[in-house]
Amino acid sequence: MTDALEFSHIGKALPRREDFRFLTGQGRYLDDIKLPGALHVAFVRSPHAHARIKAIHAGEACALSGVVGVFTGRDLAQWTTPLRLAPPIEGLHPVEMTTLPVDKVRFHGDPVAVVVARDRYIAEDAAELVEVEWDALPCAIDAVDALAPDAPLVDETLPSNLVSHQSFSAGDVAGARSGAARVVESRFDLHRHTHVPMETRGCLADWDGGQSHLTMHIGTQVPHPMRGQLAARLGLSETQVTVISPDIGGGFGQKIALYREELTVAALARHLGRPVRWREDRMENLMAASHARETRCLTRAAVTADGRVLGLELELTEDFGAYCFYPANYMARVIAMILTGPYRISNYAFDVKVVLTNKCGNGPMRAPMAITSWVMEGTIDSIARELGLDPLEVRRVNAIRASDLPFTMPTGEILEDVTPLETLEAAAGAIDVPTFRTRQAEAKAEGRLLGLGLCTVVESTTYGSGFYKAAGIPGSGHEAAWVRIEPSGVVNASVGLMGSGQGYETPLAQAVAEGLGVSPDQVRVHMGNTDVAPYGMGSRGGRGATAGGGTLYLCAQKAQEKILTIAAHMLNLNDMQGLRLHEGEVERQLTGDWQSTGIGLADVARRAYLDPLSLPSGVKPGLDVSLTYDPPPMTYSNATHACEVEIDPETGMIRIQRYLVAEDCGTVLNPVVVRGQQQGAVAMGLSGALFEQVVYDENGQNQSATLADYMVATACELPNIEIIPMHTPNGRTPAGIKGMAEGGIMGAIGVIAGAVNDALAPLGISVEKMPLSPQSIRAHLRSAEKSGGPKF
Amino acid sequence: MSGTKQIFLTVNGETHEVSVPPRKLLVDVLRDDLHLTGTHTGCEHGVCGACTILVDGQPARACLSYAVQMEGHELRTIEAMAADGELKPLQRALHEEHGLQCGFCTAGIVMTFEAYLRDNPEPTEDEVRDVLSGNLCRCTGYQNIVSAVLKAASEMREEAQV
Ligand code: FES
Ligand code: FES
């Protein structure tokens, strides 16, 4: 492990600046923005999982006072172009979707018509009066059934529901198998989740007919890509669309794609020449926004008698739902790509299938690769169990060590400056495994079930352009920033990211302050308005700090150079050698000490803007600097989670007794914000693993469309999380930043499964399926009883 | 359905005359008619707690009642907290403990504990968690909210002693 780097502002635990407005009710979320005369929409949604639209009768709805009109897929098809996804990826079928369905609906909740009315109450009344004649079709609900040769086709332009299929092999997997002491097979079945940002989706579209310009107010993580999509689908140019993202009440990946409802609202605003708004209700959000995670995996590990993994095979099937807002291989490929993560495995093969079903379409949800660490660490635990070895030892035997770095994974991914063995030892040491084992044995003697899980995570955080190119996905991983010192010496800055609640304003100001040499108080970072911010790729994955913070840091450094060049001239020096900007003052190094020159940033700014003839030759007026930066193809952070549980055999309830994470995410901009992300990610992972579940019945009816049915963990169910921070800098990124925010989910899912299986191991139970609900634990205990195990 | 009713609503000490359809939810009237947008809706079915306000000093879900039912009651919303620009102890503690991220759930939590800490100045962590379980937060994992509430409680006790 390398020591953390030293900085003046980066890494300081400053409290967040957005807090005051949120704490006093002055945040501005989408619904807080009012435009006079705005109309409201409500969507008519399919009650069927799969049905042809025979006719839509809107007469009664239109007759309702206050209704402006009812529009269908046919109307939208005249005003917008379909979304076509056809990246040149082997094994991936091109797909296309219209703005609203024209011929058939594909899942329960699919929007089929839209009502526009004076207010939301009337729009909802009218939506109920729209009558649709349906011709119900057989549906494909389970991914396995959907692959049957006679399964109903979700997308009739495809030869089957297998929308994407890739396989890969590196090294000699067959050889590893034949030379192995044992081949250990393990299964993992992760259920369907949804994002549940506390603020649902919504938008407010304002068409200015005189200017032929659309202003779209929408909580989006990716303002510029959103603008590009809107313009393209509406047949406008990018000069005709402004996207403004207000404060966002959580996104978690749900606020990236341009959804059909949002495009519909924009098209209606233009068609009607009036502002039009939509606020999704919670039922729509749970049923029809986007879903995630439903994935089954099988691994086969060829191992030596001491648990060393000679070869690993993965079979993965993801249930993608009915529509592709992203290339269908997008999430699954990352799982397969980074599966081997913390371990020295070179013989590796995968087979990845993505299947369409009649359910809500998938989207990336905070940690699209969420299942990865469960699959890898669960495989390690199975190996330990089958061979009768200590799971901690099996981890140590296989772990990548400092001397292995940089380590090339079998998929070609390069790990550098990661510390999986160090986080493992830190977590195992802190939890004190031997003492736990003693307690566990004592508890067992009393008939109590205690378990310990360990889960090491290697989290892909920042995806550079090199990644996208290699993946065949159009797009870039770069980010863009500008830093502008105004004539009075204060600093405005901007970047293409848009936070959805993480608290970017403070850490990004710290990155600018560090690069420039001012106090963070002097800096204001502007985000979310495409007319203000430079074209950037926005917020997704764990790229905020490396791509966003890194770009701002580099841009601020460039601005500092210009400032010092001017200052040197003001001081009659030949060049900026031996000068620095520190806390807004130009300082000069004399005999080792930094001494004030009496020149402040405001003096330099005044000269740059208001007295440009006094600038050194070749220096242009103004202090306005911009820069783009493309991170390495991938950066990685790593962590080890450790969790102790006790299972109540009578109720099946899992109680988390202790939870800790040793996490190495390199240089952090602001440890307060990072800790918040770590806690939040673990919480979301545990909530998903233990409680949340999107449920469809066999007819494709969504059974979990209220928050009473889709259960998000409350304060009573979640533990306090201890964090052991580690900061090995990445040698290839600005300031050594690595990024983070998703690994906590990967670790939480893996570690809770490990802990539960450790607790149930004496009963011969191995749980392969999530969620780990009391009902499912009880079912396992009952079947263990039946087969002669102890009775609870 | 479109008939409206003239009512008087007392919010944050001020009485407003509004004309609203009888079926209009309290939360919508607060937000649309009175422009008090600090109260949020996260579910509109009484589960998430984002819309929590005080009705006669007791926490209530503004998405579960109609504005016309509120005549003669004293309503308080987040806008009344720190109206003078000074954060109250719980708001300050939430800031210091990083007890909020996106902030969407925050107003409901502040209002819930405004009432709770008034009546229960010395809560345990378990009690705080129990009360907090009526407010969903998708961002924080609750840990820092709990520590903020405990910190605010102890500060308020100290203040009360001075
Ligand atoms: S909006 Fe009222 S409880 Fe959720
Ligand atoms: S801070 Fe985002 S929901 Fe609580």
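Bear in mind that the values in this text are calculations on the coordinates, not laboratory data. Predicted model, so just to flag it, every value in this text is computed and none were measured. Please note: Cβ atoms are built from the backbone with ideal geometry, for glycine as well, and neighbour counts cover all protein chains shown.
Miscellaneous remarks
- Exposure proxy order (Cβ contacts within 10 Å, fewest to most) of A:PHE20, A:PHE71: A:PHE20, A:PHE71
- Surface/4 of the Cα convex hull for chain B, nm²: 9.6
- Neighbouring Cβ atoms from other chains, within 10 Å of the Cβ of residues in A:25-32, number 6 on average.
- Computed from the C-beta positions of A:ARG439 and A:SER617 and an R0 of 56 Å, the FRET efficiency is 0.15 to the nearest 0.05.
- DSSP bridge orientation in the protein assembly as shown - percent antiparallel, rounded to nearest 5: 80
- Gyration tensor verdict on the protein assembly as shown (Cα atoms; rounded if a/c is under 1.5, prolate if a/b is larger than b/c, oblate otherwise): rounded
- Signed unit charges on C-beta, dipole axis of segment B:5-80, positive-most listed residue B:GLY13, B:VAL68, B:GLY46: B:GLY46
- Approximating the spin labels as points 7 Å out from Cα along Cα→Cβ, the A:SER167-to-B:GLN161 distance works out to 7.2 nm.
- Segment A:50-110 and segment A:171-204: distance between their alpha carbon centers, rounded to Å: 32
- For segment B:1-20 versus segment A:302-320, the spacing of their alpha-carbon centroids is 65 Å.
- Peptide packing for A:570-581, A:587-598, A:746-757 was compared via the average number of neighbouring C-beta atoms within 10 Å per residue; ordered from the highest value, the list is A:746-757, A:570-581, A:587-598.
- Other protein chain Cβ atoms within 10 Å, averaged over every residue that makes up A:11-24: 6
- Helix-only CD estimate at 222 nm, as mean residue ellipticity for the protein assembly as shown, using -39500 (n - 2.57) per DSSP H run (n ≥ 4): -8500 deg cm²/dmol
- Under 17 Å from the Cα of B:LYS88 - lysines, other chains or at least 8 residues apart: B:LYS151
- Value of relative contact order over chain A, rounded to a whole percent, pairs C-alpha under 8 Å and six or more apart: 16
- For A:LYS255, the aspartates and glutamates whose Cα comes closer than 14 Å to its Cα, not counting residues fewer than 8 places off in the same chain, are A:GLU199, A:ASP247, A:GLU280.
- Listed by Cβ neighbour count within 10 Å, with the fewest neighbours leading, A:VAL116, A:VAL144 appear as A:VAL144, A:VAL116.
- Stretch gain in nm, segment A:GLU124-A:ALA174, where the contour uses 0.36 nm per residue and the Cα spacing is subtracted: 12.0 nm
- Cα centroid separation - segment A:550-598 against segment A:686-704, whole Å: 58
- Label sites at A:ALA402 and A:GLU60, each approximated as a point 7 angstrom past Cα along Cα to Cβ, lie 7.5 nm apart.
- Exercise: per-residue mean of other protein chain Cβ atoms within 10 Å, B:91-98: 4
- Sparse packing (at most 16 other Cβ atoms within 10 Å of the Cβ) combined with a DSSP loop state is found for the following GluC sites (Glu not before Pro) in segment A:61-146: A:GLU90.
- Nearest-20 debye value, segment A:1-92 charge dipole, Cβ charges on Lys, Arg, Asp, Glu: 340
- In segment B:89-161, one over the average inverse separation of all distinct C-alpha pairs is 11.9 Å, which is the Kirkwood hydrodynamic radius.
- About the Cα centre, charge dipole magnitude for segment B:89-161 (Lys/Arg +1, Asp/Glu -1 at Cβ), debye: 300
- Taking 17 Å as the straight-line reach from the Cα of A:LYS444, the aspartates and glutamates in range (excluding those fewer than 8 positions away in the same chain) are A:GLU644, A:GLU646, A:ASP648, A:GLU650, A:ASP758, A:GLU785.
- Dipole of the protein assembly as shown computed with +1 at Lys/Arg Cβ and -1 at Asp/Glu Cβ about the Cα centre; of A:VAL68, A:GLY361, A:LEU92, farthest Cα towards the positive end is A:LEU92.
- Per-pair calculated FRET efficiency, R0 = 30 Å: A:ARG182 and A:ALA470 via Cβ, rounded to 0.05: 0.30
- Surrounding net charge for A:PRO111, when Lys and Arg each add one and Asp and Glu each subtract one, Cβ distance under 9 Å: -1
- Net dipole in debye of the protein assembly as shown [+1 Lys, Arg Cβ; -1 Asp, Glu Cβ; about Cα centre; nearest 20]: 1380
- Label-to-label distance, A:GLU386 versus A:ASP575, with points set 7 angstrom from Cα along the beta-carbon direction: 6.4 nm.
- The peptide list A:506-514, A:697-705, A:766-774, B:26-34, put in order of mean Cβ contacts within 10 Å with the highest first, becomes A:506-514, B:26-34, A:766-774, A:697-705.
- Charge dipole (segment A:599-647, unit charges on Cβ, about Cα centre) - positive-most of A:VAL625, A:LEU615, A:VAL604: A:LEU615
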